[in-house]
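The values are calculated or read from the model by the stated rules, or taken from the named source; none is laboratory data. The shown structure was predicted, so the numbers you read here are calculated from the model rather than taken from an experiment. Cβ: placed from backbone, ideal geometry, glycine included. Neighbour counts: every protein chain shown. Just so you know, the surface numbers come from the protein's heavy atoms only, side chains and all, with ligands and any DNA or RNA stripped out. Shrake-Rupley method; radii C 1.70, N 1.55, O 1.52, S 1.80 Å.
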Amino acid sequence: MSDLIVAVDGPAGSGKSSVSREAARRLGFAYLDTGAAYRALAWHCLDEGVDVEDAVAVAARVPGFDYAIGMSPDRYFVRVGGEDITPDIREPRVTAVVSAVARVPEVRAGLTELFRRLVAERPEPGVIVEGRDITTVVAPDAAVRVLLTATPEARMARRSAELGAKPTESMTQQLASRDAQDLKVVDFMNAAEGVTTLDSTELDFEQTVQALIDIVRARPSA
Ligand SMILES: Nc1ncnc2c1ncn2[C@@H]1O[C@H](COP(=O)(O)OP(=O)(O)OP(=O)(O)O)[C@@H](O)[C@H]1O
Ligand SMILES: Nc1ccn([C@@H]2O[C@H](COP(=O)(O)O)[C@@H](O)[C@H]2O)c(=O)n1
């Protein structure tokens, strides 16, 4: 079982997944992308024709949710019912409904339990877990807790560079709207007590990865 949990939260496009994965690779840690589980459940609901606005119907999908995720930084995959849906969960139709699925209390409780189990099973010396409520709900006792932020402009510029497109009004609105919906459920814009804020607005990717590693190495018990 992993001794060291590193919890990383932050808004959409702040770099949580990419920075956490690279830092985990360099530290020899496992890495858990928790947003992938919410996305996979949203994908599953769409696939099964479940109305994502019907909280009772969505909650009913949690108990039998057959989910698997790769937690090795070099072997990332997402499967539901044995089917590889790694690229599918990033489709705009999934992104558009994931917040509705994520606000259902039974979904949050079921996935939180799943995340804790997945982390506890890992043999690596540490696990970086990233999402929205990791520092506050999933792993509030984590040895290292970080809020990774960047201005909306920086996040939008990075997301559009990733897509090879210029930032459009609609993309900017979608990013802001998803954050606004998610913020009704959990506060990932303000660092909770004891959480270190890492603002990457003026940092490039390499500097951000290094800053996260430095925070991990500087933890009090290290
Ligand atoms: N400090 C940085 N400087 C420049 N680009 C960065 C930096 N950090 C991350 N990126 C890039 O920004 C993009 C968004 O990062 P990433 O997908 O990791 O964000 P995220 O917080 O996980 O987003 P989401 O919550 O929407 O999944 C990626 O292309 C990533 O490589
Ligand atoms: N701990 C988390 C992680 C994610 N969510 C919800 O999932 C959506 C997708 O997350 P990404 O990190 O892949 O963008 C996100 O918009 C939230 O609705 C969550 O609630 N808690």
Measure of exposure for Glu121: accessible area at 1.4 Å probe, Å² rounded to 10, is 120
Computed over the chain, the relative contact order (Cα-Cα under 8 Å, seq sep at least six) in percent reads 34
Sorted largest first, the C-alpha extents of the stretch 1-76 along its principal axes in whole angstrom are 41, 28, 20
Quick calc: nm separation of the 7 Å Cα→Cβ label points for Phe77 and Arg116 -> 2.9
Contour minus Cα-Cα span, Ser221 to Asp66, at 0.36 nm per residue, comes to 52.1 nm
Candidate cut points under trypsin sites (Lys or Arg not before Pro) in the stretch 105-209, DSSP loop plus at most 11 other Cβ atoms within 10 Å of their own Cβ, are Lys184
Listed residues Ser177, Ser14, Ser99; largest mean-square fluctuation, Gaussian network over the chain with Cα springs below 10 Å, found at Ser177
For the stretch 1-41, Rg(Cα) over 2.2 N^0.38 Å is 1.21
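For the chain, with only Lys/Arg (+1) and Asp/Glu (-1) charged at the beta-carbon, what is the dipole magnitude about the Cα centre, in debye rounded to 20?
For the chain, the charge dipole is close to 280 debye.
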Ranking Val129, Ala24, Val195 by how far each Cα lies towards the positive end of the charge dipole of the chain (+1 on Lys and Arg Cβ, -1 on Asp and Glu Cβ), the top one is Ala24
Expressed as a percent, the accessible surface of the stretch 4-210 that is carbon or sulfur, using a 1.4 Å probe and the full set of protein chains, is 52
Sorting Leu46, Leu41 on solvent-accessible surface, 1.4 Å probe, most exposed first, gives Leu46, Leu41
Quotient of Cα radius of gyration and Kirkwood radius for the chain, i.e. Rg/Rh, equals 0.94
Sorting Asp3, Asp204, Asp9 on solvent-accessible surface, 1.4 Å probe, most exposed first, gives Asp3, Asp204, Asp9
Of all chymotrypsin sites (Phe, Trp or Tyr not before Pro) in the stretch 34-116, the ones in DSSP coil with at most 13 other Cβ atoms within 10 Å are Phe77
Connecting every pair of Cα atoms under 10 Å apart in the chain and solving the GNM, the largest mean-square fluctuation among Gly164, Gly35, Gly70 falls on Gly164
Distance in nm between Phe205 and Met189 label points, each 7 Å along Cα→Cβ, equals 2.8
1/(1 + (r/R0)^6) with r = Cβ-Cβ of Ala165 and Arg25, R0 = 25 Å, i.e. FRET efficiency to nearest 0.05, evaluates to 0.35
Full extension between Glu48 and Asp84 adds, at 0.36 nm per residue less the Cα distance, a length in nm of 11.4 nm
